[in-house]
Every structure is written in structure tokens, then in C-alpha cells.
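Starting off with a structure, shown below.
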Amino acid sequence: TMIIFCWGSGVSYIAATADLIDPLLDGHVPAFWTSTWGVRLITTMFWAVTMLPLALMREINSLRYVSAFGILAILYFVGVMIVHSADNGLREGNAARISKVSSGADVLVGVGLVMFTFCCQPNVLEVYSELRVKTVPQMSKIG
């Protein structure tokens with residue numbers, strides 16, 4: 001079942017990458033690159049050039065700089081969202097469109113996002129196996 005879980009997580013990341021490519025290219029490149037096959041080609045090239053070499057690393061410790069870059073990118077993204085919300089969030093008419101509680105299918109989208117964020121949990125055992133001092137306090141310190 002772990003293989004199926006990891007395979008599904010990988011497919012989810014590939015689909016998320018493909019969903020992000022289309023808006024980035026819209027209106028800036030020839031029509032082929034925004035077509036279905038163009039986005040598939042760009043997604044394949046991105047994963048072959050960027051992600052495959054990272055996946056072939058022998059030790060997970062080799063990913064520390066890439067992970068640090070990812071964390072900095074997330075912090076930058078959060079900062080941009082906070083500034084954008086402060087500037088534009090509650091202008092005239094926007095407050096009526098904001099809902100504090102959702103129900104129905106909207107809740108399922110949120111649950112799916114939360115589940116997607118925890119797809120990295122199987123890596124915890126690999127991180128633990130690479131520790132020099134394998135203790136709970138040491139694992140807590142790096143976690």
C-alpha cells in the first residue's frame with residue numbers, strides 16, 4: 001500500500017505542476033505551448049530536468065539546499081499573500097464575497113488540500129535512518 005500511496009502522491013505533484021504551467025504561459029508564448037500537448041511536453045521536460053535528478057540522490061540529506069530554497073519560496077509566497085490581502089482584501093464589495101464557513105463540496109476541496117500537504121510523511125523514516133544520533137530528541141530537533 002505504501003507504493004500505491006507514493007505513486008499517487010507523485011501523480012498529484014505532476015498534475016499540480018501541469019496546472020501551474022498553463023496560467024504562467026497564457027498569452028506570452030505561441031498557442032502550441034498552452035495546448036494540452038504543449039503543457040504535457042513542458043511538464044515532462046520540467047520533471048525530467050529538475051525533479052528526476054533530485055529523486056536519484058542517494059541520501060535525502062543531499063536535498064537540504066533544495067529544501068531550504070523551497071521553504072524560502074513558501075515564506076515569500078505567504079508574505080506576498082499577506083501584503084496583497086492587506087492592500088485589496090476588504091475593498092468595497094469584497095467583504096460580501098468572503099465566507100468564513102463553507103459546507104458541501106467546498107469542504108471536500110479543503111480536505112483534499114490538507115491531505116495533499118501531508119504527502120511527504122513517508123520520508124520521515126528515511127530521514128531518521130540517516131541521522132548520526134538516532135534519538136527522539138534529535139529527530140524532534142530536525143523536524
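The values are calculated or read from the model by the stated rules, or taken from the named source; none is laboratory data. Since this is a predicted model, take the numbers as computed values, not measurements. We place every Cβ from the backbone using ideal geometry, glycine too, and count neighbours over all the protein chains shown. These accessible areas exclude ligands, DNA and RNA; they are computed on the full protein's heavy atoms, side chains included. Shrake-Rupley method; radii C 1.70, N 1.55, O 1.52, S 1.80 Å.
Residues checked against (1) under 27 Å from Gln121 (Cα atoms); (2) in contact with a helix residue (DSSP H, G or I) (Cβ under 9 Å, 6 or more places away or on another chain); (3) in the same structural domain as Val124 (by the TED database):
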| residue | (1), (2), (3) |
| --- | --- |
| Ala31 | no, yes, no |
| Thr50 | yes, no, no |
| Tyr65 | yes, no, no |
| Asp87 | no, no, no |
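Quick one: what pairs do we get from the stretch 61-79, first residue free of Cβ contacts under 8 Å to residues at least 40 places away in the same chain, second part of a helix (DSSP H, G or I), C-beta under 7 Å, 6+ apart or different chains?
That search, which allows pairs on different chains as well, returns Leu63/Leu54; Val66/Leu54.
Exactly one condition in (1) modelled with pLDDT of 85 or more; (2) among the aliphatic types (A, V, I, L, M); (3) assigned to a helix (DSSP H, G or I) is not met by Ala96; state its number.
Unmet condition: (1).
Condition check ((1) among the acidic types (Asp, Glu); (2) open to solvent by less than 80 Å² (accessible area, probe 1.4 Å); (3) outside any helix (DSSP H, G or I); (4) without any contact (Cβ under 8 Å) to a residue 40 or more places away in the chain) across all residues:
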residue	(1), (2), (3), (4)
Ser12	no, yes, no, no
Pro23	no, no, no, yes
His28	no, no, yes, yes
Trp37	no, no, no, yes
Arg40	no, no, no, yes
Thr43	no, yes, no, yes
Arg58	no, no, yes, yes
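Could we say that Ser85 is more than 26 Å from Val11 (Cα to Cα), exposed (fewer than 10 other Cβ atoms within 10 Å of the Cβ) and without any contact (Cβ under 8 Å) to a residue 60 or more places away in the chain here?
Criteria not met by Ser85.
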